[in-house]
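Below is one structure; the comments refer to it alone.
What follows is calculated from the coordinates using simple rules that are stated; it is not laboratory data. All values derive from a computational prediction rather than experimental measurement. Glycine also receives a Cβ, built like all others from the backbone with ideal geometry; neighbour counts cover every protein chain displayed.
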Amino acid sequence: MKKIIFISTTILLSVFSFSQMPEKFVKAMEARVPAVDTVYTVDGLTELANAFERIAEAEKNQWLPYYYAAFCNAQAGLMMGGGNIMAGSPEKTDPIADKAEKLLNKAEELNKDNSEIFIVKKMILTLRMLGDAMNRYMIYGPEAAAALEKAKTLNPENPRVYLLEAQDKFHTPEQFGGSKAEAKVLFETAVKKYEAFKLESSIHPSWGMGQAKYYLSQMQ
C-alpha cells in the first residue's frame, strides 16, 4: 500500500511540475526534442545544441534545455571519432567536452540526483577519455563507469543506462573487456526497458530506442 501511495504521489508531482512549465517553453522544446533521436551528424547536433542553449538562456530555471544542449554537444564530440578509440583529436573534442560539462552543471544545479544527468556525465567523461585514450583511460575510464553506475542506482529502469553499457561492450576491443555477445544481451535488455519506460512528459528524455535496435540489426 505504501508503495502504491508513493508511486501515485510521484506521478501527481510529475504532472503538476509539467503543468507549471510555461506553454511557450514547452512548445519550443517539443519542436526540437524529437530531433535528438534523429540527427546523427556533427553539424546537425551542434546546431541543435545551440538551439537548446538559446532556450535555456530564456528559461534559466528549467533544467531540460541545459541537459539537451549538453547531450547534443557530447554526442557531436563522440561522433567525431566514429567510435574508434584510436581516433582521438583532443584539440577538437576537449573544448566540446568543456562546453557540455558547463551546460550539464547548470542542469544539475536545477535538478540534482537525476539519472538522466549522470547518463550525460558518463558521455562527457567518455569523450574526454577518447580524446587521448592511451593516456587517459586510467583517469576517465573509471570515472565514466562510476557515473553510469550512479545513473543505474538512481533509476535501474532507465533504458539509456543499458544502451550505454551495451555500446561500451560493442566498441571496446576484446583485449580491453569488450564483447559483442555481452553487448547483444545488453542491447536486448535496453529495448525491453524502453518498451516499459514511462515517459514523464513530452519533453523529457526518451532517446535511444532506435540506436539499440540498429545495433541489434547489425548483430543478427
In this structure, among Lys102/Lys152; Lys102/Lys150; Lys27/Lys213; Lys27/Lys60; Lys112/Lys198, pairs with alpha-carbon gaps over 26 Å are Lys27/Lys213
Under the helix-only model (-39500 (n - 2.57) for each DSSP H run of 4 or more, divided by the residues of the chain), the mean residue ellipticity at 222 nm, to 500 deg cm²/dmol, is -24000 deg cm²/dmol
Between (1) 58, 33, 32; (2) 49, 41, 30; (3) 47, 40, 35, the structure-derived Cα extents along the principal axes in Å is (2)
Cβ density ranking, 10 Å radius, fewest first, applied to Met138, Met219 yields Met138, Met219
Footprinting proxy, Lys106, Lys193: sorted fewest to most Cβ within 10 Å, the residues are Lys106, Lys193
Exposure proxy check on Met21, Met134: fewest-to-most Cβ neighbours within 10 Å is Met134, Met21
So the compactness index of the stretch 151-220, its C-alpha Rg divided by 2.2 N^0.38 Å, takes the value 1.12
For the stretch 16-217 the mean separation of alpha carbon contacts under 8 Å (6+ apart) over residue count, i.e. relative contact order in percent, is 17 percent
Across the alpha-carbon set of the stretch 50-142, Rg over Rh with Rh taken as the Kirkwood radius works out to 1.00
